[in-house]
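We did not get these values from a lab; they are worked out from the coordinates using the rules stated. The model shown is predicted, which means the values in this text are computed figures rather than measured ones. A quick note on method: Cβ atoms are made from the backbone with ideal geometry, for glycine too, and the neighbour counts reach across all protein chains shown.
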C-alpha cells in the first residue's frame, strides 16, 4: 500500500513537469478565436474517426489553444493516451479535473481514463549515483538536473535510452524496453574522479629539499664518473687505450 502511494505521488510530481508542455488556454477568447477553435475541433473529430491520431492531436491542441474548451482538452488527453503518450495524457487529465465547474459525466470519464494511463506508465528507480547534481536524459531529451537520490523517472512504455551524467565522470547509459506498468530498479556504475590530495598547511619543506640535494649529488657523481671515464679513454697513455 505504501509502495502504491509512493508511486502515485511520483506520477503526480512528474505530470507537473509534463504539464509545462501543455498550451495555455486564453483567459477570454474572442468570437473569432472561439469560431476557429470550433473548426479545429471538428477537424480533429474527422481525423479521429479515420484513426489519423497525429493530425487529430494537432487539431485538438489547436482547438484548446484558441478556445480553452474543456471538451477540446478532454479529446487532447484521450488522443495522447491512444498514442501511448501517457505522461502527456496524465498532465492534460489533471488540468481538466482541476476545473471546478467540470460537469459530472465528463469528470467521471476523465477520472477513469486517467487511472488507465497511470497504470500504463513505467516507474524507474536508479541507484548508485554519487552525491551532486545529476543530469538525467531520456531518449536524448533532458528530463531534469537533480540532486535527489535515488533518481526516479516516470516514463511511457516502449524502448528507451536513459543517460545520467555528472561533471568529470563518464556518463552512465541504459538501453531497454519498459513494459506497461513496469517498476524497474537499476544500479548505475558512475564514479566521480578522485580529488587531488590537499596540501597540509605548515608542512616543513626542508626534508624534501635535503632529499633533492642528495639526489642531485648522486646524479652529479655519476655524470662526473662518466665524463672522467670518457676523458681517460682519450688519453693514449692510460690503461684503457691499446696500442696497435
**Prompt:** Which distance in Å, rounded to a whole number, links the C-alpha centroids of segment 43-68 and segment 120-197?
**Reply:** 34
**Request:** Within 10 Å, count the other beta carbons around each residue, average over each peptide in 21-30, 159-168, and list them highest first.
**Result:** 159-168, 21-30
**Message:** I need the peptides 140-147, 114-121 ranked by packing, meaning the mean over residues of other C-beta atoms within 10 angstrom, with the highest value on top.
**Reply:** 114-121, 140-147
**Asked** What Rg and what Dmax come out for segment 122-187 when only alpha-carbon atoms are used, in angstroms?
**Response** 11.2, 35
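Please give the length that would be gained between residue 183 and residue 131 if that part of the chain were fully extended, namely 0.36 nm times their separation in residues minus their C-alpha to C-alpha distance (nm, one decimal).
16.4 nm
When ranked by the protection proxy of mean other Cβ atoms within 10 Å per residue, highest first, what sequence do the peptides 179-192, 54-67 form?
Peptide ranking by packing, descending: 54-67, 179-192.
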